[in-house]
Amino acid sequence: MLPTSWRRLLSLIRILLAMSCLATQLISSSLVLTDLAILFAVYIIYACVALFWRSLEDSGYPTLALIVDFVFFFIAAISGATYGYWISSVFYAYVLLEAVMLHPWWKTVVVAVAAIALLYMIPTLHSAEMLRPAFIAAGILGSVLAIQREYLEERLSNSSRQTVLYRYDAEKARESERQRIAADFHDGPLQSFISFQMRLEIIRKLLTRDLTAATEELLQLQDLCKSQVNELRAFVRSMRPVDVEGSLNATLRRVVEQFQKDSGIPATFVSAEFLEPAEPEVSLELLQIVREALYNVQKHSSATRVAVSIAKSDTVLEILVEDNGNGFPFSGRYTLDELELLRLGPMSIKRRVRTLGGDMVLDSKPGQGAGLKIRLAT
């Protein structure tokens with residue numbers, strides 16, 4: 001879309017051309033008001049109206065405006081007025097520029113071909129032999145520019161649509177992340193604080209009846225508070241953005257080592273040679289999936305051992321997280337579709353895997369542990 005200021009500039013140039021045509025016509029006719037002079041006077045009025053009344057051309061008849069300008073270019077070319085060579089050349093440049101900037105490329109080609117045909121069909125025009133090469137070169141250049149303009153406008157339009165889609169996806173991802181954080185906070189720290197509040201109420205009542213029992217309960221609450229502080233730290237750490245430094249392999253190893261340091265649960269990491277995902281966003285999502293899986297192990301499983309491995313088979317990248325803890329309340333081996341159908345398994349991890357277009361298998365053995373396998377095509 002051409003800016004309004006540029007359109008007004010074209011309208012101003014049209015007014016100047018119309019006034020120049022009228023002036024040259026009056027000079028050639030010794031200031032006698034001829035039919036051509038009257039036509040150019042009408043053209044000046046039309047150009048002034050078009051300058052201040054944009055809807056006359058914009059919303060109504062842009063093609064008709066181009067035809068009107070070409071007709072008056074033709075009249076200026078055959079008028080035989082003084083300086084007609086210069087007027088017709090500038091007028092042609094204006095009409096060609098108007099077609100390039102405001103109309104589809106094929107209209108520019110039509111204008112160029114019609115002007116060149118005019119020079120060949122009416123050899124009595126001012127300096128027709130001199131104008132032909134310039135008209136041909138200008139017509140070719142104008143056609144190329146018009147095609148290039150439409151190509152760039154199409155790319156700009158596609159980019160704008162893509163930007164809207166990216167903005168929608170980003171907002172959707174933010175909303176999904178907010179829901180995940182709210183759910184994790186509700187199931188984790190919030191429940192712990194509620195439990196802490198209930199225990200405090202119990203201690204308050206015991207203080208009036210049994211001081212020894214209240215003291216023992218207070219010591220237990222102190223131990224619970226320490227464990228909840230560690231859990232809250234782990235929760236806050238899981239909320240932090242993943243810092244990817246180097247390869248996915250190296251970052252996963254650091255994540256596992258940090259988990260072992262924070263939780264005190266022995267953790268191993270095994271990696272085979274594999275091709276890194278081409279998109280950095282994929283690596284970030286995989287890292288976040290592993291972090292959430294480890295956080296769930298620390299929070300729910302009571303495991304004494306965790307193993308994380310990553311490998312590549314054919315064109316599939318596989319990440320496996322196993323522990324020997326309590327497992328999930330259900331027993332069996334389930335795919336991602338089965339888990340979503342039965343409403344089982346970690347919701348956030350399922351959403352992330354689905355977003356990546358991958359697959360997930362959850363193997364649960366209550367009392368013996370669980371295994372989470374993520375498969376992603378690369």
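Looking only at residues in segment 248-270 that are among the polar types (S, T, N, Q) and surrounded by fewer than 17 Cβ atoms within 10 Å (Cβ to Cβ), which one is nearest to residue 315 (Cα to Cα)?
Per the criteria, the residue is 249.
One line per residue, one yes/no per condition, for (1) within 35 Å of the chain's Cα centre (by Cα); (2) outside any loop (DSSP other than H, G, I, E, B):
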residue: 303; (1), (2): no, no
residue: 321; (1), (2): yes, yes
residue: 326; (1), (2): no, no
residue: 329; (1), (2): no, no
residue: 338; (1), (2): yes, yes
residue: 344; (1), (2): yes, no
residue: 349; (1), (2): yes, yes
residue: 352; (1), (2): yes, yes
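Which pairs turn up if I take residues in segment 276-288 that are aliphatic (A, V, I, L, M) and buried (at least 19 other Cβ atoms within 10 Å of the Cβ) and look for partners that are outside any helix (DSSP H, G or I) and modelled with pLDDT of 85 or more with beta carbon separation below 7 Å, at least 6 apart in sequence or on another chain?
Pairs that qualify, where the first residue is aliphatic (A, V, I, L, M) and buried (at least 19 other Cβ atoms within 10 Å of the Cβ) and the partner is outside any helix (DSSP H, G or I) and modelled with pLDDT of 85 or more, are 286/319.
Determine which single condition residue 309 fails, assuming it passes every other condition in (1) among the polar types (S, T, N, Q); (2) outside any loop (DSSP other than H, G, I, E, B); (3) more than 33 Å from the chain's Cα centre (by Cα); (4) under 25 Å from residue 185 (Cα atoms).
The one condition residue 309 does not meet is (4).
Anything in segment 354-378 that is in contact (Cβ under 8 Å) with a residue 60 or more places away in the chain and not in a strand (DSSP E or B)? List them, or say none.
Residues satisfying the conditions are 355, 356, 378.
The values are calculated or read from the model by the stated rules, or taken from the named source; none is laboratory data. Since this is a predicted model, take the numbers as computed values, not measurements. Positions of Cβ are backbone-derived with ideal geometry, glycine not excepted, and every protein chain shown enters the neighbour counts.
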